[in-house]
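Worksheet: the structure to be examined is printed underneath.
The values are calculated or read from the model by the stated rules, or taken from the named source; none is laboratory data. For clarity, every value in this text was computed on a predicted model and none was experimentally measured. Note that each Cβ is placed from the backbone with ideal geometry, even for glycine, and that neighbours are counted across all protein chains shown. SASA here: full protein model, heavy atoms, side chains in, ligands and nucleic acids out. Shrake-Rupley method; radii C 1.70, N 1.55, O 1.52, S 1.80 Å.
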Protein chains: 2
Amino acid sequence: LAALDRPVVLVSHRGPVTFAVEDGERTTKRGSGGLVSALMGLAGHLSDAIWVYAASSEEDRQVMTEAKGKAMRLALAPQARLVEDDASVTEHEHTIYAYLVDVPERQHEDFYSVISNPLLWFVQHGLYGLAQDPVLTERTREAFEDGYVPVNDQFSDVVVEQVRAVAGDRGRAIVMIHDYHFYLLAERVRAACPEALITQFIHIPWPSPNDWRILPPYMRERLLRGLLGNDVVAFHTLRDARNFLLCAADILDLSIDLGALTITVGERKVGARHYPISVNTEALRELAGSADVRRHAETLRRDFLTGGRQMVLRVDRTDPSKNIVRGFRAFDVLLSDHPELAGQVVFFALLQPSRQDVPEYADYISALGGVVAEVNARHGRDGWQPVQLRLESDLALAVAAYTVCDVLLVNAVRDGMNLVAKEAVLVSERDMVLVLSETTGAFDELSRYAVRAHPFDIQQQADAMYEALTMDVDRRRAWLREAAAIVRHNDVERWLDMQLRDLLRLDEDR
Amino acid sequence: LAALDRPVVLVSHRGPVTFAVEDGERTTKRGSGGLVSALMGLAGHLSDAIWVYAASSEEDRQVMTEAKGKAMRLALAPQARLVEDDASVTEHEHTIYAYLVDVPERQHEDFYSVISNPLLWFVQHGLYGLAQDPVLTERTREAFEDGYVPVNDQFSDVVVEQVRAVAGDRGRAIVMIHDYHFYLLAERVRAACPEALITQFIHIPWPSPNDWRILPPYMRERLLRGLLGNDVVAFHTLRDARNFLLCAADILDLSIDLGALTITVGERKVGARHYPISVNTEALRELAGSADVRRHAETLRRDFLTGGRQMVLRVDRTDPSKNIVRGFRAFDVLLSDHPELAGQVVFFALLQPSRQDVPEYADYISALGGVVAEVNARHGRDGWQPVQLRLESDLALAVAAYTVCDVLLVNAVRDGMNLVAKEAVLVSERDMVLVLSETTGAFDELSRYAVRAHPFDIQQQADAMYEALTMDVDRRRAWLREAAAIVRHNDVERWLDMQLRDLLRLDEDR
């Protein structure tokens, strides 16, 4: 890892640990989700970094009250715990410092459920059918001005305070901001800490200027200016980085260099970069070997895979960007085109309900449930139901399904990276074939060892699944081996290392 | 006009004249719609050009049968007529030659109502909400392969034949192709007529690579390659031209020059250009002075404008890209924010039903009717209905409404140009204020003399209408004068001249 001579401050909306109280005892829960687990892997390489994130429980707030305005120390692995006595830390424990920001509930609601999701998420994934949606109102402006803006202000105040605490008044620290919740942060941190090196990683796609213009001027310009407070704005793919440059040129009329990937902002140059994120391979391997996963895998094999039967799998949040409805429709086409598959192939869909307080997400669950019923009614027979839908979050079950499935369907409309694809190729035990949407970030790395899916063409997706289900075993095995090697090579440590090296090089150039 | 030493062949889907039979007599009907009238203005400057377009009536087919496979001669102005005897042509008549292509009905249906509209139209206007639409199937591929492709083949065969007839075997003619119906034409014409200068004008927006990728590979690559058979691909705005280049780079991996606006295709360079189209100012002025228009204007004044009352107007096809529903919602907000406007301002919406055989268009009429009922129920009183909805096509009524309205609302989601805005500023007699969407091509030319509308923000549109309704008369008058001067300066002759000069210069360079 690049040798750092400065402290690191990490910022993200969700963090690695949440506190709760059970039976009068304080308990800790590890964060879930692809981004948080990747960042936890990253934090494992950054001992004593400070991680700033939003408190999300009453007990989170209680712990922060007890910490009296200071960052607290957390051990993340092997067990998550609050370190109350430094002497108790063992050599096997990774520790970091954490500062949990207590955002007023009403502001958080506007920040999270009105602006970040759905508005920014939908714009950046191209999900709006512009004839009908979005309809922006005075409420939208209020949610931005009274929610997104003050939450960003509050976070930036905390970050500035933490940077000064560890790096002095000029703020000679590295600040790593994550994702679309904090587009206004960098500009304010830079103003207060002129020597800070600031970088922001955006984990979702960056849209074209046409799509960024869906946002009204008061929002789209301010968000871009906020982001240009960074030294480097990082994405998963070159396409996203280029789109970001094109937006700076189109919306703010700034001068850009599409070859060098830089934007000139006054005296400064802001870089756009792309570093494809990976998964926490070690944690995943451990989990795949656990008794829990083994037991689930056994059950899945017994229920669905005896007698030469096969399984198509998808594992996703119930997010419209994941393209779940078209996936079921494509499976419907597959069964109609190939009647011999009836009773032989099951589509196992493990879907985690997500953002159910956002109407678009609630509607989407109802839409996908409707299509599953249609497909099962059309093709079910003799006790066999072609689609097995599970609406729950169960990481052990998901990993078990990775190990036993024949085909993993990832047909996302757009996806910054898609970590499900990367996780599954690492743990498959059945020569799984990946069917991968060409509009995911992962496609850039894995396209040679996956069957391409076009997200809007359900006939093509049906054909792709058929190709995957009938592929000969030598090819399956070779593809899986190559894909896994790529994911293993480009691990989280390398992902972090590349970012830090570029940042330090940039600092030397100044 | 640039001096031409070669014959011109024009190609568009719809043409300037349709034949019919009434009471046993052959009649002619002039084509309507902004594009056809602009092209008629253009044809007025190109005497003896050959215009190739689709037959659209039984009598069109009959006329072509009688012409025995040759182009027929048409006079376009002052009266449209078939010239059966060259000696009958008077010096005041503009004539052209016309070749009407008889496309088999089933192919035309696929070409027009499945591929061109809605698919290409929706992709290029950003109208798909990608979570749900489009759903491309085997039927889509068939409609492309068995409809769009053969119709383009059929047209290209006709064009090649006509080029050879007037310009010999090497085809030293100028071929001007129009719009999104014919993306596959230029490549085939070039192959057959190596000396032809070929240009294609695309009158609708060109999307970003992200959006062009909504089309499946078999379509998006082939359409781009077809277009690259042109010497120049022309658009209304620089943004469209740039997006076209970015698509060539992203989808076909071709080398582009964003400064020079060129694409390298093997040994050739294809140029992208932008020439904002205008309106046929002379024809419009004549129409505005006609008795029919005068009478309509009188009625509108009497019904809606006595006692200091005001009128907001919109004139559009019922196309989802026109953003009609949000316009009504914005008017709703306006009336709620300013109760003093009740009874004082009417929203006159003259909407021409369009493409009702395409389900998305039929649904849209029903949606907009619903919103009008809501708004009228909420704000109507004492016999006053705030929204006056007219679903009909009446050019004289539209021009009459232009002359008397106080505010013209053009809030399109996206629009290649928007000729309604340009027409209205030419004929207003009441110091009309233009409220103009920032995502129309016309905004590039007229933004300084219009109130900007953001297409998705209904509060902002309500505020923009209020600003326009209450603007002081000196400013209204000055803006209107400037806007009209811009439209008059950049007339159809200049539009054509710029294109021809660039083409001839390009030919000299070869």
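Among the residues of region B:172-198, how many are out of contact with any Leu (no Cβ under 6 Å at 6 or more places or on another chain) and either free of Cβ contacts under 8 Å to residues at least 60 places away in the same chain or of a type in the set (Val, Ile, Thr) (or both)?
At the first step, the residues of region B:172-198 found to be out of contact with any Leu (no Cβ under 6 Å at 6 or more places or on another chain) are B:172-173, B:175, B:178-179, B:181-182, B:184-196, B:198.
Retained after the next criterion (residues that are either free of Cβ contacts under 8 Å to residues at least 60 places away in the same chain or of a type in the set (Val, Ile, Thr) (or both)): B:175, B:184, B:186-196, B:198.
Total meeting the criteria: 14.
Do you know which of the residues in region A:235-249 that are open to solvent by 10 Å² or more (accessible area, probe 1.4 Å) and assigned to a helix (DSSP H, G or I) is farthest from A:ALA272 (Cα to Cα)?
Only one residue fits best here, namely A:ALA249.
Checking A:ARG26 against (1) open to solvent by 50 Å² or more (accessible area, probe 1.4 Å); (2) basic (Lys, Arg); (3) part of a loop (DSSP other than H, G, I, E, B), only one condition comes out false. Which one?
(3)
If you take the residues in region B:134-166 that are without any contact (Cβ under 8 Å) to a residue 12 or more places away in the chain and touching a Phe, Trp or Tyr at 6+ places or on another chain (Cβ under 9 Å), which one is farthest from the other protein chains (Cβ to nearest Cβ)?
B:GLU161
Please identify the pairs in which a residue from region B:362-374 that is within 12 Å of chain A (Cβ to nearest Cβ) has its Cβ atom under 6 Å from the Cβ atom of a residue that is open to solvent by less than 40 Å² (accessible area, probe 1.4 Å) and in a helix (DSSP H, G or I), counting only partners at least 6 apart or on another chain.
Short answer, once both residue conditions are applied: B:TYR364/B:PRO320; B:ALA367/B:VAL325; B:LEU368/B:ILE324; B:LEU368/B:VAL325; B:VAL371/B:VAL325; B:VAL371/B:PHE328.
Check off (1) more than 19 Å from B:LEU480 (Cβ to Cβ); (2) within 14 Å of another protein chain (Cβ to nearest Cβ) for B:LEU389 and give me the number that stays unchecked.
With (1) more than 19 Å from B:LEU480 (Cβ to Cβ); (2) within 14 Å of another protein chain (Cβ to nearest Cβ) applied to B:LEU389, the lone miss is (2).
Each row is one residue, and each column tells you yes or no for (1) open to solvent by 10 Å² or more (accessible area, probe 1.4 Å); (2) over 26 Å from B:SER113 (Cβ atoms); (3) among the basic types (Lys, Arg); (4) under 25 Å from the mean Cα position of the chain (by Cα).
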{"position": "B:PHE144", "(1), (2), (3), (4)": "no, no, no, yes"}
{"position": "B:ALA165", "(1), (2), (3), (4)": "yes, yes, no, no"}
{"position": "B:LEU185", "(1), (2), (3), (4)": "no, no, no, yes"}
{"position": "B:LEU197", "(1), (2), (3), (4)": "no, yes, no, yes"}
{"position": "B:MET219", "(1), (2), (3), (4)": "no, no, no, yes"}
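Would you confirm whether or not region A:388-398 contains a residue that is without any contact (Cβ under 8 Å) to a residue 24 or more places away in the chain and surrounded by fewer than 21 Cβ atoms within 10 Å (Cβ to Cβ)?
Scanning region A:388-398, I find no residue that is without any contact (Cβ under 8 Å) to a residue 24 or more places away in the chain and surrounded by fewer than 21 Cβ atoms within 10 Å (Cβ to Cβ), so the answer is no.
Name the helices (runs of 4 or more DSSP H) wholly within region B:276-357 that hold at least 3 residues that are away from chain A (no Cβ under 14 Å)?
Helices (runs of 4 or more DSSP H) meeting the threshold: B:281-288, B:291-304.
Could you give me the residue pairs with C-beta distances under 6 Å whose first residue belongs to region A:263-280 and is under 13 Å from A:GLN499 (Cα atoms), whose second residue is part of a strand (DSSP E or B) wherever it lies, and which are 6+ apart or on separate chains?
Matching pairs, first to second residue: A:GLY271/A:VAL232; A:GLY271/A:THR262; A:ALA272/A:VAL233; A:ARG273/A:VAL232; A:ARG273/A:ALA234; A:HIS274/A:PHE235; A:TYR275/A:ALA234.
Among the candidates A:THR65, A:THR95, which residue alone is within 21 Å of A:VAL166 (Cα to Cα), part of a helix (DSSP H, G or I) and not hydrophobic (A, V, I, L, M, F, W, C)?
A:THR65
Within region A:481-506, which residues are charged (D, E, K, R), in contact with a Lys or Arg (Cβ under 9 Å, 6 or more places away or on another chain) and at pLDDT below 95?
Our first condition is that a residue be charged (D, E, K, R); within region A:481-506, this holds for A:481-482, A:488, A:491, A:493-494, A:497, A:501-502, A:505.
If we keep only those that are in contact with a Lys or Arg (Cβ under 9 Å, 6 or more places away or on another chain) too, we end up with A:482, A:502.
If the condition is that a residue be charged (D, E, K, R), in contact with a Lys or Arg (Cβ under 9 Å, 6 or more places away or on another chain) and at pLDDT below 95, then A:ASP502 is the only one that fits.
Just to be sure, is A:LEU436 aliphatic (A, V, I, L, M), modelled with pLDDT of 95 or more and not in a helix (DSSP H, G or I)?
Against the criterion (aliphatic (A, V, I, L, M), modelled with pLDDT of 95 or more and not in a helix (DSSP H, G or I)), A:LEU436 qualifies.
Any idea which residue in region A:274-286 is farthest from A:GLY44 (Cα to Cα), counting only those that are touching a Leu at 6+ places or on another chain (Cβ under 7 Å) and aliphatic (A, V, I, L, M)?
Filtering region A:274-286 for residues that are touching a Leu at 6+ places or on another chain (Cβ under 7 Å) and aliphatic (A, V, I, L, M), the one farthest from A:GLY44 (Cα to Cα) comes out as A:LEU284.
Restricting to region A:318-334, count the residues that are open to solvent by 10 Å² or more (accessible area, probe 1.4 Å) and over 18 Å from A:GLU392 (Cα atoms). Break it down stepwise before answering.
Our first condition is that a residue be open to solvent by 10 Å² or more (accessible area, probe 1.4 Å); within region A:318-334, this holds for A:322, A:325, A:329, A:332-333.
Among the residues that remain, those that are also over 18 Å from A:GLU392 (Cα atoms) are: A:329, A:332-333.
Of the residues in region A:318-334, 3 are open to solvent by 10 Å² or more (accessible area, probe 1.4 Å) and over 18 Å from A:GLU392 (Cα atoms).
So A:GLY171 clears everything in (1) under 20 Å from A:ARG222 (Cβ atoms); (2) buried (at least 24 other Cβ atoms within 10 Å of the Cβ) except one condition, right? Which one?
Only one criterion in (1) under 20 Å from A:ARG222 (Cβ atoms); (2) buried (at least 24 other Cβ atoms within 10 Å of the Cβ) is unmet by A:GLY171, namely (1).
Of all residues in region A:294-314 being under 20 Å from A:GLN352 (Cα atoms) and either small (Gly, Ala, Ser) or open to solvent by less than 20 Å² (accessible area, probe 1.4 Å) (or both), which is nearest to the chain's Cα centre (by Cα)?
If we take residues in region A:294-314 being under 20 Å from A:GLN352 (Cα atoms) and either small (Gly, Ala, Ser) or open to solvent by less than 20 Å² (accessible area, probe 1.4 Å) (or both), then A:ARG314 is nearest to the chain's Cα centre (by Cα).
Only residues that are closer than 16 Å to A:SER321 by Cα, free of Cβ contacts under 8 Å to residues at least 40 places away in the same chain and assigned to a loop (DSSP other than H, G, I, E, B): list them for region A:440-482, please.
A:HIS454
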